[in-house]
Amino acid sequence: QVQLVESGGGLVQAGGSLRLSCAASGRTFSTGWFRQAPGKEREFVAAIIWGVGSTYYADSVKGRFTISRDNAKNTVYLQMNSLKPEDTAVYYCAVALSGRYYYSSPRRYDYWGQGTQVTVSS
């Protein structure tokens, strides 16, 4: 079992930045970030493959968000810049133990964090 601890959410004005962290208790194949706004379905934000460091982004965040990893700390970060009110959501990190399913599919991921609220005011 892999446990995840998320941190870094909060309230920020539009145009501001936040950095989310996701610390895992064990090694995993890949880590993804998803978000869910009230009344909407959970959507893919970004993912990173641990072994090769490949990164993937949703079109809505490309160029503004950066996903990265710290191997020594078993931690993945999501740096969010130029935040917009539409980025407001609960953000979840998730880890996959294998490469089954597409990186943007929630089905790929075996364990999920508790979620952290990100609120962007206009």
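Values for this structure:
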read-out: Solvent-accessible heavy-atom area per residue, rounded to whole Å², over the chain at 1.4 Å; value: 51 Å²
read-out: Kirkwood-Stokes translational diffusion coefficient of the stretch 46-86, alpha-carbon pairs, 37 °C, 0.692 mPa s, µm²/s; value: 298 µm²/s
read-out: The chain - share of DSSP beta bridges that are antiparallel (%, nearest 5); value: 90 percent
read-out: The stretch 17-122 - Rg (one decimal) and Dmax (whole number), Cα, Å; value: 12.9, 39
read-out: Separation between Cα centres of the stretch 97-119 and the stretch 1-42, rounded to whole Å; value: 10 Å
read-out: Percentage relative contact order, the chain, counting C-alpha pairs under 8 Å, at least six apart; value: 35 percent
read-out: Calculated from backbone phi, Karplus (6.51, -1.76, 1.60) coupling profile of the stretch 74-86 in Hz, x at Gly/Pro; value: 6, 10, 10, 10, 10, 7, 10, 10, 6, 5, 10, x, 6
read-out: Lysines whose Cα lies under 29 Å from that of Lys73, excluding same-chain neighbours fewer than 8 positions away; value: Lys62
read-out: Those aspartates and glutamates that a straight Cα-Cα span of less than 18 Å connects to Lys84, excepting residues fewer than 8 apart in one chain; value: Glu43, Asp59
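The values are calculated or read from the model by the stated rules, or taken from the named source; none is laboratory data. Quantities reported herein were computed from a predicted structural model and do not represent experimental measurements. Protein only, heavy atoms only, side chains kept; ligands, DNA and RNA dropped before computing areas. Shrake-Rupley method; radii C 1.70, N 1.55, O 1.52, S 1.80 Å.
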